[in-house]
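Read the structure below first, then the notes.
Computed from the coordinates by the stated procedures, all read-outs in this text should not be read as laboratory data. Predicted model, so just to flag it, every value in this text is computed and none were measured. Neighbour counts run over all protein chains shown; Cβ positions are idealised from the backbone, glycine included.
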Amino acid sequence: MTSGLGAALAIAKKDILSQFRKKFEIFSMFLFALIAVLAFSFAVVTGGSVSEEIGSALLWVIIFFTGMFGFAPIFLSESETGTLRGLATAPIPAWSVYLGKVIYGFLLMGVVEIFLIPIVTVLFGFSLLNDIPLAITTFLVGTLDLAAVGSMASALTMPSESKATVFPLVYFPTATSGLMLLIEITKIIVLGPGLIPVLLIFEILLAHMIAMLTLSASVFHFALSP
Amino acid sequence: MSNMAIIAENLTRRYGYRVALREVTLGFSEKGIHGLFGSNGAGKTTLMRVISTLLRPHGGSISVMGFDPQEEPEEVKKRIGLVGDKPLLYEELTGVENLKFYSKLFGLSSTFFVSQVENLAQWFGIKSWLEEPVKNLSTGLKKRLDIVRSLIHDPQLLLLDEPFSGLDKDTTEDFWEYLNGCRNLRTTIITTHNLALGAALCDEYVTLRKGIVISQGPISDFDQTL
């Protein structure tokens, strides 16, 4: 029997391969992110830049909403095609199915962010280079946090008849607390270090991400076998 | 009782207020082909889902190959193969990629995987289609590939939910011949509302009506007029 982590990696690899071939979700994510960045840059950028507070908030709001296009179909497509039953009847722990989807969501969002963040920093005229290690760690933890919440929201939405309506109702409230922390940390990175105790906020973000991951993973078997 | 593949006692499952299985008590012996008969809404698929750990019972108990699906789901899962109404295949992946993915979830060695694919693909006539993306295959070929997927880990218990629906004559004959050949090697449970076909293939039967067992026993006792 395969290990839980091995199964999670196999599920993530399968999803990445499928996505690489159909390209539907990633194209929607890129398109939305690009339109949102352009719209905001026309609306709020004056004199080549926006204030650090607004820029940091806009960056994460764009990532937050872009995530919807990638996270919502994570389980919904498996549920609609029936392949979820294949995962549910495989001799692997339920948490490995969830973890596999989180890894996939994280990588999908990560690819979008690699292109999105440079465009945002150029168009909004602010820099994340004041504290590069913290910036990278924040984006890694933040993206993992959103992927953890988004994957669980997608799983919880499966039994619903109006999935498109229910997904945001689950995703928004659960992801908002993490989103606020991410905006706050990014603002500190942009303003420069030493202004606010950033480590404390980062620890809360890390705790939020760990809580979301472990809580979702521990109850995920109810989503697979109702 | 040790030679029983399935033992259910007072098994109950509801969907909301609707009772799909009402205190079902039945047994299927190990090896052979067993039929689960009944018209639409009789509870056949619900029972198959409870056996395959996809649904939790709301009352009573069930033992599958000597294990409780609630207490030891992974022990049950590694012993079962499931073919449902929809193929549990990923459209963007090729046939062999699908089979490899499931083999990883089942923790199969590469030697065993290669020999299983070789034998099963040969038997079901899909060898030349394995490198083709599933989305390019006809319905019949998808069904053949799905049957191979369900058998890839050589399950002790094969669960077939309406396996012959949508199959052409050749695929039906091949599958029939395969099932006959494995009659003494594994336990197979088939749901069907095609009573003539079921009576010709099965050794034992259970007939359900509105979630209640109305008759069961050796196929020689089966009365199609019930």
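For this structure, a couple of remarks:
- Test: B:SER29 is within 9 Å of chain A (Cβ to nearest Cβ) and closer than 18 Å to B:LEU158 by Cβ: no
Listed here are the residues, each with its yes/no results for (1) surrounded by fewer than 18 Cβ atoms within 10 Å (Cβ to Cβ); (2) within 14 Å of chain B (Cβ to nearest Cβ); (3) in contact (Cβ under 8 Å) with a residue 12 or more places away in the chain.
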residue	(1), (2), (3)
A:THR138	no, no, yes
A:LEU179	no, no, yes
A:LEU199	yes, no, no
A:ILE204	yes, no, yes
A:ILE210	yes, no, no
A:PHE220	no, yes, yes
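Yes/no matrix, rows are residues, columns are (1) within 14 Å of another protein chain (Cβ to nearest Cβ); (2) surrounded by fewer than 17 Cβ atoms within 10 Å (Cβ to Cβ):
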residue	(1), (2)
B:SER63	no, no
B:ARG79	yes, no
B:GLU92	yes, no
B:SER103	yes, no
B:SER109	yes, yes
B:SER115	no, yes
B:LEU120	no, no
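- Which listed residue, of B:LYS135, B:LYS86, B:LYS127, B:LYS142, is charged (D, E, K, R) and touching a Gly at 6+ places or on another chain (Cβ under 7 Å): B:LYS86
- Residues of segment B:91-118 classified as of a type in the set (S, T, N, Q) and under 20 Å from the mean Cα position of the chain (by Cα), total: 3
- Any chance A:ALA148 is touching a residue at least 12 places away in the same chain (Cβ under 8 Å) and under 20 Å from A:VAL112 (Cα atoms): yes
- Sub-8 Å Cβ pairs linking a first residue in segment A:47-61 that is among the hydroxyl-bearing types (Ser, Thr, Tyr) to a second residue that is part of a loop (DSSP other than H, G, I, E, B), at least 6 apart or interchain, are A:SER49/A:GLY125; A:SER49/A:PHE126; A:SER56/A:PHE126, ordered by first then second residue.
- Any chance A:ALA39 is surrounded by 20 or more Cβ atoms within 10 Å (Cβ to Cβ) and among the hydrophobic types (A, V, I, L, M, F, W, C): no
- Index of the failed condition, B:PRO87 passing every other in (1) assigned to a helix (DSSP H, G or I); (2) out of contact with any strand residue (DSSP E or B) (no Cβ under 7 Å at 6 or more places or on another chain): (1)
- B:PRO87 being facing chain A (nearest Cβ under 9 Å), surrounded by fewer than 20 Cβ atoms within 10 Å (Cβ to Cβ) and touching a helix residue (DSSP H, G or I) at 6+ places or on another chain (Cβ under 9 Å): no
- Odd one out for B:PRO69, checked against (1) on the phi > 0 side of the Ramachandran plot; (2) in a loop (DSSP other than H, G, I, E, B): (1)
- Residue within segment A:62-78 that is within 14 Å of chain B (Cβ to nearest Cβ) and free of Cβ contacts under 8 Å to residues at least 60 places away in the same chain present: yes
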